[in-house]
Each structure stands twice: as structure tokens, then as C-alpha cells.
Amino acid sequence: MIILFWMITVLSVVIDRITKYIAESGISEGQLIRAITLGDTDILAFSLHKNTGAAFSSFTGKTMALAIVTAIAMVLITVYFHKQKHKHPLLTVSFGLIVGGGIGNFIDRVFQGYVTDFIRLFPFNFIFNFADICVVFGAILLIVFYLFIEGKYMKQFEEEKSNEQAASSVLDDFEKTKQILSVVAGSLNYCANS
């Protein structure tokens, strides 16, 4: 699962970087490119925006503080994931998306001083990017995991662990019995030779 985590993380960052490069080189600030419309409504449009804040343009102008918080969060999430003894595939995908999205926007904040946003989707009244999509979907998957899957998965994990412990206990008892029989056999052999 570690490899899957890093593959998703790296793939998320690469796609984010490519889409931001395409947006910055193909869209002028203030320009609106309508991709999908329904009557007068833009269902999907592209518009370049330099966001110096966080989600929904909150914390505007706090770019370095946000970069530091993001870096700390990504490290903590990665360490937490790696320390998990049981890595469910959904949890792996979730953390990979969250970390990949966080790194994508972190790169923007550190090297540009802002995050490149360019996707507008009806009915939402904000602009976002691929990294934001990764973080949001990762968070949704995380919620789904903890609400609907974790209990069942942990029960199965505990049962497997219990079975392993029972098997280990039987092996330990077998080893003790073998040692006792070895001592008895040695004693009998000594008595027979005396």
C-alpha cells in the first residue's frame, strides 16, 4: 500500500503541475473560456486567478504562513499513514490524494507566492484547481472510510490478529511441549545408559 500511496501522491502532483502550466500559458487573466454551457449558464469554464489565500480565497495575503501550515500538515499526514499497521486501499487513496493536492498547492505558494486557480464549475461561485479537487475528493473518501468502512475493517483486522495470536500461542505450546519431551527423552536415555 505504501507504493500505491506514493504513486497517487506523485501522479496528483504531476497532473496538477501540467494543468496549471496549460492554464497559465493558454489563459490570460480576466479571460473566460466557456467549455460547457447550457443556455446562458456556464457549466464548466476556465478563468485564470492568482489566489494568495487558501480555499475560497480565505486568508488572502498569508501565503508563507499557509505554505508552512501545509508543509506541516503534509508531513503529519504522511507519517500518520506510514505508521498505520492496517492500510485499507480506500484510506491509501484518500491520503495519497490529500498529500498530492497539498504538495501541488504548496509548490505554487513557495515558488510563485500564489496558487494558480483556473476551473469554474456551476453552481459553485469560486475558482479552483486540480490540487483542490484532489484534496476535496481525498477528504470525502476519508469521511466515507471512517463512517462506513473502518468499523468492519478493524473488526476483520482484529479477528485476523486474534487468529495469528492463537496460532502463535499453539506454536509456543508446541515448542514448550517439544522441549519438555526432549528433556524427558534425555532423562530416559540417561537412565537407560546408567
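Over segment 1-103, with the other protein chains present, what is the accessible area per residue in square angstrom, probe 1.4 angstrom?
Solvent-accessible surface per residue comes out at 57 Å².
Can you work out the Karplus-derived ³J(HN,Hα) for every residue in segment 78-88? Use 6.51 cos²θ - 1.76 cosθ + 1.60 with θ = phi - 60°, whole Hz, and x for glycine or proline.
Per-residue couplings from phi come out as 5, 5, 4, 4, 5, 7, 5, 6, 10, 10, 5 Hz.
Contour minus end-to-end for Tyr80 and Asp40, with contour as 0.36 nm per residue of separation and end-to-end as the Cα-Cα distance? It would help to have the intermediate numbers written out before the result.
Working: separation 40, 0.36 × 40 = 14.40 nm, distance 4.69 nm.
That works out to 9.7 nm of additional length.
Mind checking the log10 I(q)/I(0) for segment 1-98 at q = 0.10 Å⁻¹? Debye, one equal scatterer per Cα, no solvent, two decimals.
Those come out to -0.43, one per q.
Show the residues, 5+ positions off or on another chain, whose built amide H is closer than 5 Å to the amide H of Phe126.
Answer set, sorted by chain and number: Leu121.
Express in Å², to the nearest 10, the accessible area of Thr60 obtained by rolling a 1.4 Å probe over the protein heavy atoms while all chains stay in place.
Probe radius 1.4 Å; accessible area of Thr60 about 90 Å².
Want the number for Ala73 to Ile18: 0.36 nm per residue separation, take away the alpha-carbon distance, what's left?
17.4 nm
Separation of segment 1-58 and segment 80-135 by C-alpha centroid, Å?
11
Could you pull the accessible area for Lys50 with a 1.4 Å probe, rounded to 10 Å²?
We get 90 Å² for Lys50.
With every protein chain left in place and a probe of 1.4 Å, what is the accessible surface of Glu29, to the nearest 10 Å²?
Ignoring ligands and nucleic acids, Glu29 comes out at about 120 Å².
The values are calculated or read from the model by the stated rules, or taken from the named source; none is laboratory data. Predicted model, so just to flag it, every value in this text is computed and none were measured. Note: areas computed on protein heavy atoms with side chains; ligands, DNA, RNA excluded. Shrake-Rupley method; radii C 1.70, N 1.55, O 1.52, S 1.80 Å.
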